[in-house]
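Right, one structure below, let's go through it.
The values are calculated or read from the model by the stated rules, or taken from the named source; none is laboratory data. Computed from a predicted structure; not experimentally measured. Every residue, glycine among them, receives a Cβ derived from its backbone with ideal geometry; neighbour counts consider all protein chains shown. Surface areas here come from the heavy atoms of the whole protein model, side chains and all, with no ligands, DNA or RNA. Shrake-Rupley method; radii C 1.70, N 1.55, O 1.52, S 1.80 Å.
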Amino acid sequence: PDRRPGLAHRDQTLPRLTEVGAWRSKSQIGSYEEKPATFEFGRYGGFYTQDEIREVVAYAAERHITVIPEIEMPGHSLAALTAYPWLGCVNNPESYEIAGWICGPGNVLCPGKESTFEFLENVLDEVLALFPSKLIHIGDGGAEGQPPRWEACPDCQARIAAEGLHDETQLQSYLTHRIDSYLASKGRQLIGWDEIMEGGLSPEAVVMSWRGTQGGIAAAREHHHVVMTPGQYLYFDKRGTDSPDEPVSLNLSLPLEKIYGYDPAGGLSEEEQQYLLGVQANLWTEYIATWPHAEYMLLPRLSALAEVGWSLDRKDYAGYLHRVRRLARIYDACGYNYARHIFGE
């Protein structure tokens, strides 16, 4: 049902987050870089109820897994802006529409308004009640699409002047520091993609390096804890080969051997490696509508990721391919849909 209670404020003061923000009217069906883009029209979406979230968190905890929630701010916020246009630098409801593709335009919240922070704190309060995780992810800090909106916004410019900031990059850092302080007051710790380093970062913040490895290396050198997740090695939404038979995905390929060859400690001194928490692979599902498709993108790539994280000094790709053949027999027994092309099938 479209109107069931979900991740909205407990007293339902923010019901449009699920009533409006959880649904879109079209979905891109061609490649991300296809021009012009092609779409399939029709209402699509959904959300987790609070009870469903509690169930997921409990299921993970029984298996010694901590679920870290990610609440995007101030960027990638088009769904929230469509639900509540006053959160943006442009207040006209017609200025926002939930996109049918990966990153819609104008998707950044307005850090010049105090009401934006009230909204974010309300959302975070609910998230903290649902997720016991020490780490709370705030996304990429808003690097995509913020300068034009913030440069032209009188509220943002007033905030820059009042806080003695130099530019919009420091305004982004102002928001990050303020949210970091709020999370710290609740006994939690901020984690975000490497854009959060722009403009300066609080000492306790954790950085996830996705735009290559340099962000993570820079963060470790500044004594921030780091999770390495560079897109060129660990974005599993990329297809496995350049074959036209591969399912539609990002217009890039990521062969298994490249994943296996990644060294997350590369570029870090022995002293800096103490700040390396580990690695993460990402499977963004804009193009993935079924579980068998997800399995195909994940398997056996997850086994390569495991050796990247756990076998740095003993990696051997030829030996790995021998071991993964044995693993494939388990996949077959379980009925998993894995990428058989690595065996020449």
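Couple of notes before you dig in:
- For region 47-142, the solvent-accessible area with a 1.4 angstrom probe is 43 square angstrom per residue.
- Debye log10 I(q)/I(0) at q = 0.11 Å⁻¹ for the chain, Cα point scatterers: -0.84
- Among TYR317, TYR84, TYR96, residue whose mean-square fluctuation peaks in a GNM of the chain (springs only between Cα atoms under 10 Å): TYR317
- As a ratio to 2.2 N^0.38 Å, the alpha-carbon radius of gyration for region 238-307 is 1.32.
- The fraction of accessible area contributed by carbon and sulfur in the chain is 53 percent, rounded to a whole number (1.4 Å probe; ligands and nucleic acids excluded).
- 5 angstrom amide H check on PHE39, placed H, neighbours 5+ away: ILE29
- Unit charges on C-beta of K, R, D, E only; dipole of region 121-194, Debye: 320 debye
- Accessible surface computed residue by residue for region 188-294, with neighbouring protein chains in place and a 1.4 Å probe, gives 44 Å² per residue.
- Calculated from backbone phi, Karplus (6.51, -1.76, 1.60) coupling profile of region 258-268 in Hz, x at Gly/Pro: 5, 4, 4, x, 6, 10, x, 8, x, x, 9
- Gaussian network model of the chain, Cα within-10 Å springs - most flexible of GLY46, GLY164, GLY75: GLY164
- Cα→Cβ-extended label distance, 7 Å offset, between TRP86 and ASP242, nm: 5.4 nm
- Computed magnitude of the charge dipole of the chain (debye, nearest 20; Cβ of K, R +1, Cβ of D, E -1): 860 debye
- Share, in percent, of DSSP beta bridges within the chain that are antiparallel, nearest 5: 25 percent
- Top of ASP313, ASP167, ASP180 by mean-square fluctuation, Gaussian network on the chain, Cα under 10 Å: ASP313
- For a label point 7 Å along the Cα-to-beta-carbon line of THR290, residues of region 228-261 with backbone N under 20 Å: 237-241, 243-250
- Difference of contour (0.36 nm per residue) and Cα-Cα distance, THR66 to TYR44: 5.1 nm
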